[in-house]
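Have a look at the structure below, then the notes.
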Amino acid sequence: AVNMSEDMGISYLYLMKILSMLRAKGMIISEQGCRGGYRIKNSTDSVSIYDVIVAIEDDVTLFENSAEVKKDYGEEQVERYFSYIQDWLAAILKQTSVKELFHGDYAGKQYRTVSVRQMESTISVMQK
């Protein structure tokens with residue numbers, strides 16, 4: 001793990017914290033001994049980027065919704081827009097596997113989510 005932290009440019013303690021979270025969520029297995037180390041429990045095809053983020057962060061949240069505060073029309077529109085973006089990002093992260101990320105296979109992938117044209121239409125409606 002020391003070599004891994006150096007290769008990644010992060011502190012050993014931070015890496016151990018992340019590995020501990022992933023192990024607690026059952027995503028990785030740690031093996032002791034001279035041939036020990038960490039390995040992913042399931043195939044990298046079956047683990048999404050969303051799964052990894054949620055294992056570490058508990059959620060994929062870009063924008064906190066403040067229900068207690070009364071908002072004017074513009075603030076409601078901004079909140080709705082960021083909620084939409086957050087849902088869109090979560091959908092893409094759920095559809096991208098760890099394997100696709102590390103092999104660059106996501107570049108030509110067709111995601112089952114809204115198109116850019118649909119996003120632009122939503123934005124233009126919100127601007128009115």
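Computed from the coordinates by the stated procedures, all read-outs in this text should not be read as laboratory data. This is a predicted model, so every value here is computed, not measured. Here the Cβ positions follow ideal geometry from the backbone for every residue, glycine too, while neighbour counts run over all protein chains shown.
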Computed from the beta carbon distance with a Förster radius of 41 Å, FRET efficiency for Glu64 and Glu31 to the nearest 0.05 stands at 0.55
Straight distance only, please: which aspartates and glutamates reach the Cα of Lys94 with their own Cα at less than 19 Å, same-chain residues fewer than 8 apart left out? Asp45, Asp51, Glu57, Asp58, Asp59, Asp105
Roughly what would the spin-label model give for Val54 and Lys41, points 7 Å off Cα along C-beta, in nm? 1.4
Gained length - Met4 relative to Tyr73, 0.36 nm times residue gap less alpha-carbon distance: 19.9 nm
